[in-house]
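The values are calculated or read from the model by the stated rules, or taken from the named source; none is laboratory data. The structure presented is a predicted model; accordingly, all values stated were derived computationally and were not measured. We place every Cβ from the backbone using ideal geometry, glycine too, and count neighbours over all the protein chains shown. In case anyone asks, the SASA skips ligands and DNA or RNA and just uses the protein heavy atoms, side chains included. Shrake-Rupley method; radii C 1.70, N 1.55, O 1.52, S 1.80 Å.
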Amino acid sequence: MNVSDTPFPSYQARRADTDAAWSIVEARLAALPSPLDALATRFLAAVSAGEVRHRAYFQNPLAPPLLYMPLWFRDGLVGAGRDPGALDDALPRILAGTMLGYVYVRIQDDVLDDPERADRELLLLGNACFTGMLGLLRAAVGDHRGFWDAFDRAFVTFSRFTALEQRVVRADEPYPEALFEEHCDKVAFARVPLLAVAALVDRLDAAEPEISRLVHRLGVAYGLANDVLGWPRDLLAGQRTYLLAEAGLDHASLARIAAEPEGASRDAAREQLTEALRGKLYEGGLLRRTLKTAVAWHERAAEAARVLSLPGFEAFTAERIAWIEALDRQIVVMSLRRALGGARS
């Protein structure tokens, strides 16, 4: 599926803020001793697309608003009459620490999702990113006990639900909708920059439940859309995601493919299974129903953002829903082509 990679206007409007954070991250990565500095260069090259450099990575429409939510939170506070003061001084370090933390999480995810294809040596770079994140957050927030307790809760939640999801996608256990939604708390790391802002303005106790609610709802919305976009890759990696489980995939089918000798017979068996799934995903309407549910979760996330007063979240939600609707139209076209015997996904 071809989807637009044009950054959302709500993302582009904060380019100066994210560039300031990137400058901190780039300096820290460049200062790493060899060979970690080379691994950092390799990672940044891997997340670049053609002539689009790594600084555009978090602006891609596929990227959740990880860096933008704390900026919108700041805007809401200022709009309510709060003097940004120390918060504005701390935000570049909060964003830079979040970037480094995300690199750590992303490297882990790549290894977990597709161990045979992942660049495992990058795990060692991830260690340096994790400690860099801690240093930057400490410089921003200090020894605020409430923040570090909330940080620990977020990291434990992210780790727990990532592990639980991994066990289910590699097994033939039932994968009901409620369990999928529970697993979407694996995105709990995204709470961290919002928690840091809340701590700096003495709103942590009141804001943490709403931050958790917002991040979880956003996680469900992105999880559904990502399943739609990534189902061929997930199938190839043997990941029985919620979407593929709904389409009827079981691990016995994957085992039959693996039992075939490498070459034409295995390719034919894989294509036969893929085509059976395409029928349920396209003609069966499962892809479109999944995107419709993703839109509903985006709307629920927007409700939580209003409680927190994140003014930029409304525009982001409209942009993201329009992007999903454009993807839905592409799926309609593909379904019609398939019905007429034309192109496959």
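Mean silhouette area of the chain, derived from the convex hull of its C-alpha atoms and averaged over all directions, reads 17.9 nm².
Based on Cα contacts under 8 Å between residues 6+ apart, the chain shows a relative contact order of 20 percent. With only the Cα atoms considered, segment 37-177 has a convex hull volume of 166 Å³ per residue.
Seen against the Cα atoms of the chain and their longest principal axis, helix 145-169 is set at about 0 degrees. Taking the charge dipole of segment 254-344 about its Cα centre, with +1 at Lys and Arg Cβ atoms and -1 at Asp and Glu Cβ atoms, the residue from Ala305, Ser265, Gly284 reaching farthest to the positive side is Gly284. Per atom type, segment 255-340 shows carbon and sulfur on 57% of its accessible surface, probed at 1.4 Å.
Accessible surface computed residue by residue for segment 206-340, with neighbouring protein chains in place and a 1.4 Å probe, gives 44 Å² per residue. Each Lys and Arg contributes +1 and each Asp and Glu -1, all at the Cβ; summed about the Cα centre of the chain, the dipole is approximately 380 debye. Could you tell me which residue out of Asn60, His144, Pro115 lies farthest along the dipole of segment 1-154 toward its positive end? Charges go on the beta carbon: Lys and Arg +1, Asp and Glu -1, centred on the Cα centre. Result: His144, furthest along the dipole toward the positive end. Principal-axis analysis of the Cα atoms of the chain puts helix 122-141 at an angle of about 30° to the longest axis. Using Cβ point charges alone (K and R +1, D and E -1), the dipole size of segment 155-293 about the Cα centre works out to roughly 200 debye. Rounded to the nearest 10 degrees, the angle from helix 191-200 to the longest Cα principal axis of the chain is 10 degrees.
Based on Cα contacts under 8 Å between residues 6+ apart, segment 62-206 shows a relative contact order of 31 percent. Its Kirkwood hydrodynamic radius, worked out from the mean inverse distance over all distinct Cα pairs, puts segment 219-345 at 16.1 Å. Convex hull of alpha carbon positions in segment 160-303: directionally averaged projected area 9.6 nm². For segment 215-345, a simple Cβ point-charge model (Lys and Arg +1, Asp and Glu -1, everything else neutral) yields a dipole of about 180 debye relative to the Cα centre.
The modelled label-to-label distance between Ala296 and Glu177, using points 7 Å beyond Cα along the C-beta direction, is 0.5 nm.
Here, segment 174-241 is characterised by an Rg to Rh ratio of 1.12, where Rg is the alpha-carbon radius of gyration and Rh the Kirkwood radius. Roughly to the nearest percent, how much of the accessible area of segment 156-208 is carbon and sulfur, given a 1.4 Å probe? Reported share for carbon and sulfur atoms: 51 percent.
Using the 1.4 Å probe convention, the accessible area of segment 1-144 works out to 48 Å² per residue with neighbouring protein chains retained. Distance between the 7 Å Cα→Cβ label points at Leu123 and Arg266: 2.3 nm. Where only DSSP H runs of four or more residues are counted, the chain gives -24000 deg cm²/dmol as its mean residue ellipticity at 222 nm, each run worth -39500 (n - 2.57). Quantify how much of the Cα-Cα distance distribution of segment 61-121 extends past 13 Å, in percent. Within segment 61-121, distances greater than 13 Å cover 70 percent of Cα pairs. Take every Cα pair under 8 Å whose residues are at least 6 apart in sequence, average their separation, divide by the length of segment 287-345, and the relative contact order is 34 percent.
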